[in-house]
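The values are calculated or read from the model by the stated rules, or taken from the named source; none is laboratory data. A quick note: this is a predicted structure, and the numbers were derived from the prediction, not measured. Here Cβ is always computed from backbone atoms with ideal geometry, including for glycine, and neighbour counts include all displayed protein chains.
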Amino acid sequence: MTDSALLCGSVTSLRQQLRDRVISSEEITRACLERIEACNGALNAVITVCAEQAIDSARKADKAIARGDVASLTGIPLLHKDIFCTNGVRTTCGSRMLEQFVPAYDATVVTKMQAEGAVMLGKCNMDEFAMGSSNETSFFGAVKNPWDLNCVPGGSSGGSAAALAAGMAPLVTGTDTGGSIRQPASLCGVTGLKPTYGRVSRLGIIAFASSLDQAGPMARTAEDCAIALTAMSGIDAGDSTSADLPVPDFQAGLNHDVQGLRIGLPREYFNDDLDPVVRERVMVALSVLEQAGATLVDIELPHSHYAIATYYVIAPAEASANLARYDGVRFGYRCDEPKDLEDLYLRSRSEGFGEEVQRRILVGTYALSAGFYDAYFNKAQQVRRVITEDFTRAFDHVDMIAGPSAPGVAFQFGAKQQDPVAMYMEDIYTLAVNLAGLPGLSTPAGLINSMPVGLQLIGKPFDEQTILNAAHRLQTDTDWHMGTPQFTTVTS
Amino acid sequence: MSWETVMGLEVHLQLATQSKIFSGSATTFGAAPNEQADAVDLGMPGMLPVLNEEAVRYAVKFGLGIGARIGERSVFDRKNYFYPDLPKGYQVSQFFAPIVCEGVFEVPLKDGTLFPIRITRAHLEEDAGKSVHDAFSRETGIDLNRAGTPLLEIVTEPDFRSAEQAVAYLKALHSLVTYLGISDGNMAEGSMRCDINISLREKGTDALGIRTEIKNVNSFRFVERAIHSEYERQADILESGGSITQETRLYDAEQNVTRSMRSKEVANDYRYFPEPDLLPIVIDAEYIEAVRATLPELPGAKRARFIADYRLNDYDAALLVPNHALADYFESVVTAGGAAKPAANWILGDLTAALNRNETDITDSPISAAQLAGLIVRIEDGTLSSKLAKQVFDGLWSGKGDADQIIEARGLKQVSDSGALESMVDAVIAENPDQVAQYLAADEAKKKKLSGFFVGQIMKASKGQANPQMVNDLLLKKLNDQS
Amino acid sequence: MSVSSQDVEKVALLARLAISESDLPEVTERFGRVLGLVDELNTIDTETVVPMSNPHDMHQRLRPDAVTRQNDRENLMASAPEQDQGYFLVPKVID
């Protein structure tokens, strides 16, 4: 088997090869590590590589396979976004604040993936504290999009998406607070799933906005995402907001049948603001599902327009409190020679946090401060309910909702850096899903000028199965998801 | 000018749970610094709170104990401020929807009357850690062992007019929470800390004056002193035409003054908002009834019952009831056959004195309730005079067995046997013919005086064990028979 | 709503962020742009709407009152910037 075949293999196929003993976990792991070694200089997708630890886990996986002791991800290498705490492995969250931070505990997702036999290769670059849509806010430098090194990979899980697209790992994890899995998945041409809020434990994931954050997988196929979702999901006694619901075997639940599936197309997503080229790609993808038996239905989400304002109050407000713990006292960055306590706070925080993080802390603090709580925070929480009820009503008529994942393809570095609001618009199609706590998925829908574009599928609460099914059917009938960036062939 | 003090109290009560409110760390007092603080307590990245069911149950118990309304749906909020012993930069508390809503708490005053205090609310929150200022020369040390200890903050309306009322409330509250078993109420260890909101107004006026808040007063005595000293300070200012600054003050017990806390550079703006890591606590009627079923008899009811059933006076009842163990001890003495009033007298008198001398708690009393009952039975049946009873009590205290054993061993029995007494009387009369003659010749008034001589002789002969009343009766009869 | 640099300085102090004199105009300008974005909330009537803090109408689960954590000070304090004798250290606080 050639390396490139190996590197483009899906979890599903690698798993079969491992079980058939055609290949060993150590071989796949080494290939991934070599790929990281070769490409990371150009891409900057990975912050920390755990080579020795990975080889060690791979060998253990190979022994387990030899014994016939096989779990759902035994021997499959993966990269975690550097927002998941990893016991004994530096966890930076893309920030100078946590440049040297080594947790004494694992995130539940990390524990679960490990229990399923996955082999952790290392930690992926990301926007600082997951605040960004281009991966330009990372203290560790921007991540390059493997489809065009002059372009951003999206964010905040940009390192994960780029690493996956570049063949550094067949499976990566991300988190999505306002689009941070779906938008980079769209920009890097991979499949990314944000599960329903509460499906996956948040314990050990460095918090951005607690009522919006949700972890999920990114992989080459919807089927791989289904496998990974089952592995990472479930109630966690350590997370009060994790849902007490059984976890289906999402892979077993996959079928190709979309006959009679009603797909809602929100008028507000397909209005004149949508780039016609993006609309064309999205409609072509949807027509594939239509031909397979699905019905496209026009729907309304009349308050969609308010999602961005709502989000940019709630997320910064929660973040302003979540990030108060970074004070230079117990862990993380501490300024040199503080002259007193106030100096310690002020300098540790303004030197340790980057510009975008500081901006959001300021906005959030403002929205919660005396005299503004009702006008901003409380109001945003009310509008959040209004937006959620739009979805609830729509789901009375349709089984899922579809739209673009992002307004366009990957843009050039610096293009939106001067204007925070322009950058925030990257997430206009994804934010509302987080506000309502719904599952959302981005699947490749072809290329525009050789750059990938994504189709977003939105499901009912805890109905990841339906959107995984639809994506799976789409991926059965098309090969957009198998597209690989030029970068891969040039460097390998 | 004549001033009226208006006060409301906020009590921070540490709940006696095994583990912290949001983590599985122990709450034991006195561990080495930071050894009882886990990743949640330290506010480490990615950590999340999970609510301790016992903290919720204790809060509901308290609410039911004061007849307050229990919030059907209470919510945790984040209170945001920076301080080194506040690990997350926010305290998880309840601001918008507390678990215990309005109620009324009846406080017994010294004169036996009940004084109703309106409780505004009581809410659950986490404690902060401790800043240690004196252990290092140039730094402050932070110990987060206490961080995350469950607190119930109990807030009253401004219903207090005197230090005496405030202290009576705190004592009654202490009694209630120890009865409920929700807190050890140990003020010295900080299990019960009191903030006093205090303002003055001209007597006869209604408007509230500008108040100050005296933080963290940690004993009943200091509460009383702090109130007096703050009253003096405010009255001086007002009388000299000044105005009070609304601020937080600390009570300095050594100097007996309150001091302004260094004013913070940033005015407090706590930016409360619902804690997204926790969901609403929903408490239904079934849960409330289940908790209600576990409530013990509370101090108010017990006081009333002691007065009605045991015929105790207000004073005795008021002294016995607040300490649950003392009240239980009293009832055990009565159950074991000791009469109620003497039992109360012995417990509140000699026993309490002995316990205090030895710095012992009633629960560790060397005299068991059954033993004290045994002593009281022997007094009531005339076996022991009050003088002998004290000797037996001392014997009980030093572990010499129960009352009957001590009476037996020391031969302390009061002689009430008429045959034995008769022969003693006969012997004394026979041995003192001159005094008998004098007696017989005297008039009635003098006779009474002279009979004392014979009683003294008999008591001496019996080593004090003769029953004085019986001796007296027998003697008069015998002397009169001589004539 | 327009925002002044004094407003920004006040909020920055609450959030314990230091903004240099030279950065203040630009920070204020960008901060104002974000506020302009969220001011749109004022155009919707939500008089009767119950605020939503969490996506699903779930209730708090309770944990048994049991001590499940043992002393792990050494590991947990391994990344402390400054410590001595088991204490985290900060510059002397005078109160």
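Remarks
- All conditions in (1) at the interface with another protein chain (Cβ under 7 Å from one of its Cβ atoms); (2) in contact (Cβ under 8 Å) with a residue 40 or more places away in the chain hold for B:ALA31, with the sole exception of (1).
- Single match in A:ALA285, A:ALA252, A:ALA222 (criterion: of a type outside the set (D, E, K, R) and within 21 Å of the chain's Cα centre (by Cα)): A:ALA222
- Filtered residues of the range A:19-50 (kept if closer than 15 Å to A:VAL119 by Cβ and either without any contact (Cβ under 8 Å) to a residue 40 or more places away in the chain or among the aromatic types (Phe, Trp, Tyr) (or both)): A:ILE23, A:GLU26, A:GLU27, A:ARG30, A:ALA31, A:GLU34
- Given (1) hydrophobic (A, V, I, L, M, F, W, C); (2) crowded, with 18+ Cβ neighbours inside 10 Å; (3) farther than 22 Å from B:GLY338 by Cα, index of the condition B:ALA441 fails: (2)
- A residue that is over 25 Å from the mean Cα position of the chain (by Cα) and part of a loop (DSSP other than H, G, I, E, B) occurs somewhere in the range A:372-391.
- Matching option when the condition is within 25 Å of C:LEU13 (Cβ to Cβ), facing chain A (nearest Cβ under 10 Å), over 24 Å from the mean Cα position of the chain (by Cα) and surrounded by fewer than 21 Cβ atoms within 10 Å (Cβ to Cβ), among B:TYR81, B:TYR90: B:TYR81
Quick grid of which residues meet (1) of a type in the set (D, E, K, R); (2) touching a residue at least 12 places away in the same chain (Cβ under 8 Å); (3) touching a His at 6+ places or on another chain (Cβ under 9 Å):
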residue: B:ALA163; (1), (2), (3): no, yes, yes
residue: B:TYR169; (1), (2), (3): no, yes, no
residue: B:ALA172; (1), (2), (3): no, yes, no
residue: B:GLU189; (1), (2), (3): yes, yes, no
residue: B:ARG201; (1), (2), (3): yes, yes, no
residue: B:ALA207; (1), (2), (3): no, no, no
residue: B:ARG221; (1), (2), (3): yes, no, no
residue: B:ILE237; (1), (2), (3): no, no, no
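- Per-region count, the range B:186-221, residues farther than 17 Å from B:SER260 by Cα and surrounded by fewer than 21 Cβ atoms within 10 Å (Cβ to Cβ): 19
- Of all residues in the range B:133-155, those being out of contact with any Pro (no Cβ under 8 Å at 6 or more places or on another chain) and either surrounded by fewer than 20 Cβ atoms within 10 Å (Cβ to Cβ) or more than 10 Å from chain C (Cβ to nearest Cβ) (or both) number 13.
Residues checked against (1) within 13 Å of chain B (Cβ to nearest Cβ); (2) among the aromatic types (Phe, Trp, Tyr); (3) surrounded by fewer than 19 Cβ atoms within 10 Å (Cβ to Cβ):
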{"residue": "A:LYS339", "(1), (2), (3)": "yes, no, yes"}
{"residue": "A:GLY354", "(1), (2), (3)": "no, no, no"}
{"residue": "A:ILE361", "(1), (2), (3)": "yes, no, no"}
{"residue": "A:TYR373", "(1), (2), (3)": "yes, yes, yes"}
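- Failed criterion for C:PRO81 (all others in (1) loosely packed, with under 15 Cβ neighbours inside 10 Å; (2) facing chain A (nearest Cβ under 9 Å); (3) in contact with a strand residue (DSSP E or B) (Cβ under 9 Å, 6 or more places away or on another chain); (4) not aliphatic (A, V, I, L, M) hold): (1)
- Selection count, the range B:42-73, where residues are under 32 Å from the mean Cα position of the chain (by Cα) and at the interface with chain C (Cβ under 9 Å from one of its Cβ atoms): 7
- Filter result for the condition that a residue is within 26 Å of the chain's Cα centre (by Cα), at the interface with another protein chain (Cβ under 7 Å from one of its Cβ atoms), buried (at least 19 other Cβ atoms within 10 Å of the Cβ) and in a helix (DSSP H, G or I), over A:ALA324, A:ALA307: A:ALA324
- Unmet requirement for B:LEU351, which otherwise passes all of (1) modelled with pLDDT of 95 or more; (2) assigned to a loop (DSSP other than H, G, I, E, B): (2)
- Among the residues of the range C:42-49, at least one is touching a Phe, Trp or Tyr at 6+ places or on another chain (Cβ under 9 Å), within 7 Å of another protein chain (Cβ to nearest Cβ) and over 22 Å from A:GLY332 (Cβ atoms).
- Subset of the range A:82-118 (residues that are of a type in the set (A, V, I, L, M, F, W, C), assigned to a helix (DSSP H, G or I) and surrounded by 24 or more Cβ atoms within 10 Å (Cβ to Cβ)): A:MET97, A:LEU98, A:VAL109, A:VAL110, A:MET113
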